[in-house]
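Since the structure comes first, as structure tokens, the remarks are kept for the end.
The values are calculated or read from the model by the stated rules, or taken from the named source; none is laboratory data. Please read all numbers here as calculations on a predicted model, not as lab measurements. Virtual Cβ from ideal backbone geometry, glycine too; neighbours counted across all protein chains shown. Quick note on the areas: whole protein, heavy atoms, side chains included, nothing else; ligands and nucleic acids left out. Shrake-Rupley method; radii C 1.70, N 1.55, O 1.52, S 1.80 Å.
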Amino acid sequence: MVSSTEQTSTSSETDATLDRWQSEEYKYGFYTDIETDSLPPGLSEDVVRLISAKKDEPDWLLQWRLKAYRHWLTMTEPTWQNVHYEPIDYQKIIYYSAPKQAKDRPQSLDDVDPKLLETYEKLGIPLQERAILAGVAVDAVFDSVSVATTFKEKLGELGIIFCPFSEAVHDHPELVQQYLGSVVPHNDNFFAALNSAVFSDGSFVYIPKGVKCPMDLSTYFRINAISTGQFERTLIVAEEGSTVSYLEGCTAPMRDEHQLHAAVVELIALDDATIKYSTIQNWYPGDKDGKGGIYNFVTKRAKCLGRNSHISWTQVETGAAITWKYPGCILIGDNSVGEFYSVALTNNHQQADTGTKMIHIGKNTRSNVVSKGISAGFGQNTYRGLIKITKSAHGARNYTQCDSMLIGDKCGAHTFPYIEVKNSTAQMEHEATTSKIGEDQLFYCNQRGISTEDAVSMIVNGFCKEVFRELPMEFAVEAQKLLEVSLEGSVG
Amino acid sequence: MLQIRNLHVNVQGHKILKGLTLTINAGEVHSMMGPNGSGKSTLAQVLAGRDTYEVTEGEVFFEGRNLLELEPDERARAGVFLAFQYPVEIPGVGTAYFLRAAVNALRKHRGEEELDAVDFLEFVKEKMRLVDMDEQLLKRSVNEGFSGGEKKRGEIFQMAVLEPKFAILDETDSGLDIDALKIVADGVNSMRRTDRAFLVITHYQRLLNYIVPDFVHVLVDGRIVKSGGKELAMELEERGYAWADQSIRHAAAAS
């Protein structure tokens with residue numbers, strides 16, 4: 001936090017101070033000057049064809065994209081969500097931008113432009129395999145393309161496929177064709193349809209039968225180019241008895257205009273398979289006055305297809321000007337389990353409308369929802385969740401806990417829980433609390449010598465503990481730090 | 001150590017303290033007694049720096065520094081401790097983590113090296129014995145789900161860990177059974193030192209059987225109406241607060 005004396009310092013110091021201040025506020029806001037291969041702004045059937053051609057895609061995928069595009073044209077942008085923004089001009093967005101590379105696709109890290117490696121180094125994501133913390137394999141997506149995937153060979157020995165989506169289309173077309181759109185259809189919703197038409201890259205993961213993935217897999221998304229939308233698509237398939245833990249992180253440069261990120265994530269778990277999907281979302285949130293920032297309109301859904309399958313979403317949403325996402329689980333297999341753990345923080349003028357959908361279809365299916373919303377500044381935070389128990393879901397159980405915390409008196413917290421029960425054997429529990437970060441709690445901490453800033457992050461971290469403990473260790477630490485940075489200056 | 005001169009305090013426009021003067025020297029234990037609403041807890045909160053209390057007149061010096069100019073956390077780091085009448089719960093924040101942050105804030109302030117988790121645990125174990133606290137308690141969230149007695153003992157335990165120069169006990173005896181009361185008193189007594197002072201705020205004389213004060217003050221309607229030695233507490237117990245108040249009024253009328 002900057003003190004008032006610094007803000008009013010003489011002009012010679014002001015620039016330097018402001019620079020320092022801004023970079024502290026959002027330290028991933030830099031831009032990498034790199035030559036790109038970009039399409040002009042605008043969207044048409046030709047653009048869809050061009051993207052497909054650039055990726056040298058098979059015809060079935062082009063047809064799928066076109067089907068999505070034509071359907072998208074008939075749709076209108078949703079307005080039911082509790083967020084407000086200026087209309088998006090879809091003709092002003094660049095739908096494809098890729099850093100120019102020596103070869104079309106780098107075969108190893110040695111082929112990757114050093115500037116890109118440097119970028120990821122600066123983001124704290126070293127791509128050099130030997131430097132990677134605790135053996136996490138990383139797929140790095142830069143604007144529209146994947147630039148590097150680490151540990152591929154090692155994973156390959158176990159039959160695990162972890163590669164850029166566009167590579168999977170070429171190397172494993174049968175898997176992609178079988179599962180693409182099987183959880184989130186091309187016409188699912190406005191943003192998912194848009195994504196289906198123009199998606200450029202993303203990650204593909206396939207864990208074969210009985211294999212426990214020996215390391216966390218992660219994708220790091222970076223928006224770099226100006227006026228570019230990012231439309232990635234992630235598909236994870238866990239075969240019978242397999243296990244995988246996957247993490248995604250994201251950042252973008254600081255810019256005055258908004259940028260659109262409309263991703264789709266599909267997860268499929270077969271019998272006895274487990275997928276743990278964790279997100280640390282730190283897109284540029286805009287400045288203190290709400291200028292700029294990413295629109296994060298994302299569709300994430302999982303299918304627990306198999307018996308005893310288990311899918312868990314954990315998300316820490318601290319970035320983006322507007323967040324609109326409801327990672328959900330369709331619980332088809334008997335005894336399958338869906339979980340959703342979320343921390344969403346909105347500070348300054350950020351808005352979030354997020355929650356989950358749990359659709360119970362199989363017998364004895366269980367779902368567990370823990371949502372922690374934190375609002376500070378002028379932030380508006382909405383939890384929206386649907387728990388649906390269909391007729392066939394005998395013995396289904398849901399537990400939902402939905403807590404909101406307010407910091408200051410200009411922010412808001414809203415809760416919209418929807419519950420539909422069509423089977424009388426279901427057991428539902430819903431708990432909700434809203435608390436203001438207590439003056440009493442702050443004073444108590446102060447009285448023990450703890451500064452207000454430290455006290456706020458301590459109290460907020462305590463509030464989020466149930467969610468953080470679901471994250472892999474290193475990421476839990478990162479999430480805590482991120483909350484601290486995001487909360488800076490929220491208490492006067 | 002502490003000089004309070006002519007302190008006037010308002011709470012939401014109501015005058016609560018109306019000219020309180022008190023000097024506490026190092027090594028002394030003072031007891032502040034008085035009926036409900038006399039301003040005892042207000043005094044404790046003002047000394048600790050709660051901002052909902054407005055000081056309209058008077059001054060407070062702590063070791064020569066103007067205490068009223070310091071933020072609550074600065075006062076704490078300067079050595080002022082308040083054992084809360086109603087200790088606050090902080091869900092999800094472990095007691096050990098919380099206390100270590102407090103200890104390290106203090107050590108940093110003094111220019112000492114901060115303690116890591118292992119050193120800290122060694123350090124607090126000894127203090128836990130002092131108030132007969134279960135070690136399991138360190139793992140639980142701050143005051144969450146603690147019984148009334150556990151909370152009060154917890155405050156004394158925190159005091160023992162933080163080793164303040166000046167400690168205020170705000171009705172630490174209320175709601176304690178006799179065994180807990182003894183434990184709390186033993187904790188305080190073991191911390192009495194020539195360079196440390198206590199202000200024990202209580203409604204009842206009972207606690208003062210165990211923590212024997214050097215001075216007893218009677219606070220009525222925002223003013224100290226009577227001061228004396230430990231025997232004053234006994235007299236109050238027999239005659240009630242009205243007696244202390246009236247004896248002052250009579251004296252004023254006679255002069």
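Restricted to Cα atoms, region A:198-347 shows a radius of gyration and a Dmax of 16.1, 51 angstrom. In percent, rounded to a whole number, the relative contact order of region A:298-404 is 26, using alpha-carbon pairs under 8 Å and six or more apart.
Provide the FRET efficiency to the nearest 0.05 for the B:Arg5-A:Ile419 pair, computing r from the beta carbons and using R0 = 51 Å. Efficiency, rounded to the nearest 0.05: 0.25. Centre-to-centre, using Cα atoms only, region A:178-213 and region B:29-55 are separated by 63 Å. In this calculation the C-beta distance from A:Asp89 to A:Asp440 is compared with R0 = 56 Å, giving a FRET efficiency of 0.70. Pairwise Cα distances in region A:356-423 exceed 14 Å for 58 percent of all pairs. Extension gain for A:Thr452-A:Gln178 works out to 93.3 nm (0.36 nm per residue, less the C-alpha to C-alpha distance). Its residue count N sets the reference 2.2 N^0.38 Å, and the alpha-carbon radius of gyration of region A:312-377 equals 1.28 times that reference. Under the simplified labelling scheme, the B:Glu126-A:Gln427 pair shows an inter-label distance of 5.0 nm, with each label point 7 Å from Cα along Cα→Cβ. Histogrammed with a bin width of 5 Å, the alpha carbon distances of region A:308-426 distribute as 3, 13, 23, 20, 15, 11, 8, 6, 3, 0 percent, first bin at zero.
The listed peptides A:341-348, A:396-403, ordered by packing as a protection proxy, come out as A:341-348, A:396-403 (highest mean of other Cβ atoms within 10 Å first). Look at the stretch B:72-79: the mean tally of other chain Cβ atoms within 10 Å of its residues' Cβ atoms is 5. In straight Cα distance, which lysines are under 18 Å from A:Lys288, not counting same-chain residues fewer than 8 positions off? Partners within reach: A:Lys27, A:Lys410. Placing a label point 7 Å from the Cα of B:Glu63 along the Cα-to-Cβ line, the residues of region B:140-169 whose backbone N sits under 14 Å from it are B:163-167. In degrees, nearest 10, range 0 to 90: what is the angle between the Cα axis of helix B:117-130 and the longest Cα principal axis of chain B? Tilt of helix B:117-130: around 40 degrees.
The packing ranking, built from the mean of other Cβ atoms within 10 Å per residue, places the peptides A:210-218, A:267-275, B:143-151, A:426-434 in the order A:267-275, A:210-218, B:143-151, A:426-434, highest first. Label positions at B:Asp195 and A:Val477, each projected 7 Å from the Cα along the C-beta direction, are separated by 3.8 nm. Length gained on full extension, B:Trp243 to B:Asn209: 10.1 nm, using 0.36 nm per residue less the C-alpha separation. Once both labels are positioned 7 Å from their Cα atoms along Cα-to-Cβ, the gap between B:Ser174 and A:Lys291 label points is 5.3 nm. Sequence-distant contacts, meaning Cα pairs under 8 Å at least 6 residues apart, place the relative contact order of region B:1-59 at 45 percent.
With the convex hull drawn over the C-alpha atoms of region B:91-178, the volume per residue is 106 Å³. In summary, the convex hull built on the alpha carbon positions of chain B has an orientation-averaged projected area of 14.2 nm². Dividing the radius of gyration of the alpha carbons in region B:53-117 by their Kirkwood radius gives 1.04 for Rg/Rh.
Applying Stokes-Einstein at 10 °C and 1.306 mPa s to the Kirkwood radius of region A:236-307, computed over alpha-carbon pairs, gives a translational diffusion coefficient of 113 µm² s⁻¹. Within the assembled protein chains, the solvent-accessible surface assigned to A:Lys481 is about 130 Å², based on a 1.4 Å probe. Ranked by the mean number of other Cβ atoms within 10 Å per residue, highest first, peptides B:96-104, A:413-421, B:189-197 order as B:96-104, A:413-421, B:189-197.
Between the residues B:Leu7, B:Val88, B:Met133, the greatest Cα displacement towards the positive end of the dipole of chain B, with unit charges on the Cβ of Lys, Arg, Asp and Glu, is found for B:Leu7.
Rounded to the nearest 20 debye, the dipole size of chain B about its Cα centre is 460 debye, using +1 on the Cβ of Lys and Arg and -1 on the Cβ of Asp and Glu.
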